[in-house]
Amino acid sequence: MRTTGMNKKTMVIFYIVLIAIALVQLYPFFWVALSSFKPASDLARPAYMLPSEMYLGNYVKALSGRLPNYFLNSTIIAVCVLFSLVALGSPAGYALSKMRFRYAEQVTSFFLFGMMIPSFACLIPMFRMYNTLGLRNTYWALIIPQVGFGLPLCIYLYKSFMSRIPDSLTEAAAIDGATKWYIFRSIIFPMSKNVTMTTLTYNFIGVWNEFTYANTFMSTAEMKTLPIGLNDFVGEMGMVDWGGTFAAITLSILPTLILYIFLNKQVIAGMTAGAVKA
C-alpha cells in the first residue's frame with residue numbers, strides 16, 4: 001500500500017512538473033497571439049489581460065504589405081529544400097544500408113562528418129562564391145546550403161531505419177526479377193514513411209525559421225523571407241508597429257504549428273525507428 005501511495009505521489013509531482021514546463025513554453029506564443037488582436041491602446045496594458053475588443057486591423061496591416069510575398073518566398077524555398085532532402089537522402093540511405101560496395105563505411109562516415117561542420121564557418125566562402133556566380137538574391141542562395149547541411153542527418157535517419165529491414169525481403173523481390181530501383185521505389189521507400197515525415201517536419205521548422213543565410217545572401221525586398229521580412233514593421237527612429245508585428249509573427253508560426261500537430265506521432269515514430277528492429 002505504501003508503494004502504491006508513493007507511486008501516486010510521484011506521478012502527481014511528475015504531471016505537475018510537465019504542466020509547469022508546458023505553460024512556460026506556451027506562454028510566449030499565447031502572449032504574441034493574444035497581443036495580435038489588441039488595438040494600440042491595449043498594448044500598453046499588462047500582457048496577460050484579454051483584448052478589450054477583437055481588433056483585426058493588425059492582420060489587415062500585416063497582409064496589406066509585403067508579407068504575402070515573404071510567405072511565397074519562404075514556401076518556395078521550403079518546398080525545394082524538403083523535396084531535395086528526400087530525393088537525395090532516401091536513395092543514399094538505401095545504397096548505404098542495402099547495397100554492398102567497397103568503402104561503404106567510409107562513405108557513411110564522410111556524410112556523418114557533415115553534421116560536425118558549423119554552418120557559420122562557411123558563410124564567408126559561400127558569400128564570395130555566390131557573388132562570383134551571381135547567385136545572391138536568388139532562391140538557390142538559400143536552397144543549396146540548407147540542403148547541404150540537412151543531408152547528413154537525413155541520410156543517417158534513412159540508413160538507420162533501412163538497415164533494419166530484413167534482407168530476405170529485398171532478396172525475395174530480386175529473385176522475382178525486381179530491379180534495385182524498383183525495390184527501393186515500391187518496397188523500401190514506402191516502408192520508410194515515418195522517417196520521411198520526420199525529415200520533412202524537422203527540416204521544415206529549420207528552413208521556415210532560417211535567418212542567417214537569408215539575412216546574409218538576400219538584400220532586395222522582393223527576395224526576403226519571413227524571418228527577415230519582420231523588420232519591415234520597424235519604422236523611423238526605431239519605432240515598432242507592435243500590433244502588426246505580433247500579427248505577422250502569429251501568421252508565420254501557424255504553418256509550423258499546424259504541421260507538427262498533425263504529424264507529431266509520425267515524427268516520434270521516425271526518430272525512434274532506428275532503435276528497434278523492423
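The values are calculated or read from the model by the stated rules, or taken from the named source; none is laboratory data. As the structure is a prediction and not an experimental result, all values here were calculated from the model. Every residue, glycine as well, gets a Cβ built from its backbone with ideal geometry; the counts of neighbours run over all protein chains shown. The area values use the complete protein model at the heavy-atom level, side chains included, leaving out ligands, DNA and RNA. Shrake-Rupley method; radii C 1.70, N 1.55, O 1.52, S 1.80 Å.
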Full extension from S52 to M115: what is 0.36 nm times the residue separation minus their Cα-Cα distance, to one decimal in nm? 17.8 nm
With a 1.4 Å probe and all protein chains kept in place, how do I258, I228, I205 rank by accessible area, largest first? I258, I205, I228
Please give the per residue volume of the convex hull enclosing the alpha carbon atoms of the chain, rounded to a whole number of Å³. 213 Å³
Within straight-line cross-link reach of K159, aspartates and glutamates at Cα separation under 15 Å, skipping those fewer than 8 residues along the same chain: E105, D167
So between L23 and N137, what do we pick up on full extension, going 0.36 nm a residue minus the alpha carbon distance? 37.1 nm
Just the number please: accessible area per residue for segment 8-58, 1.4 Å probe, all protein chains included, in Å². 75 Å²
Along segment 212-221, Karplus-curve 3J(HN,Hα) (6.51, -1.76, 1.60; θ = phi - 60°) to the nearest Hz, with x for Gly and Pro, reads 4, 5, 5, 6, 8, 9, 10, 10, 9, 5
Determine the share of segment 25-179's accessible area contributed by carbon and sulfur atoms, expressed in whole percent, with a 1.4 angstrom probe. 70 percent
Nearest-0.05 FRET efficiency for V60 and S160, computed from C-beta distance (R0 45 Å): 0.40
V60 accessible area, 1.4 Å probe, all protein chains in place, Å² to nearest 10: 90 Å²
Over all distinct alpha-carbon pairs, what is the Kirkwood Rh of segment 63-115 in angstrom? 13.7 Å
Y15-Y260 FRET efficiency (beta carbon distance; Förster radius 30 Å; 0.05 resolution): 0.85
When only DSSP loop residues count, what chymotrypsin sites (Phe, Trp or Tyr not before Pro) in segment 114-164 have their Cβ near at most 10 other Cβ atoms within 10 Å? none
Per residue accessible area in Å² of segment 60-277, where ligands, DNA and RNA are left out and the probe is 1.4 Å: 55 Å²
Which number comes out as Rg/Rh for segment 5-54 once both Rg and the Kirkwood Rh are worked out on C-alpha atoms? 1.28
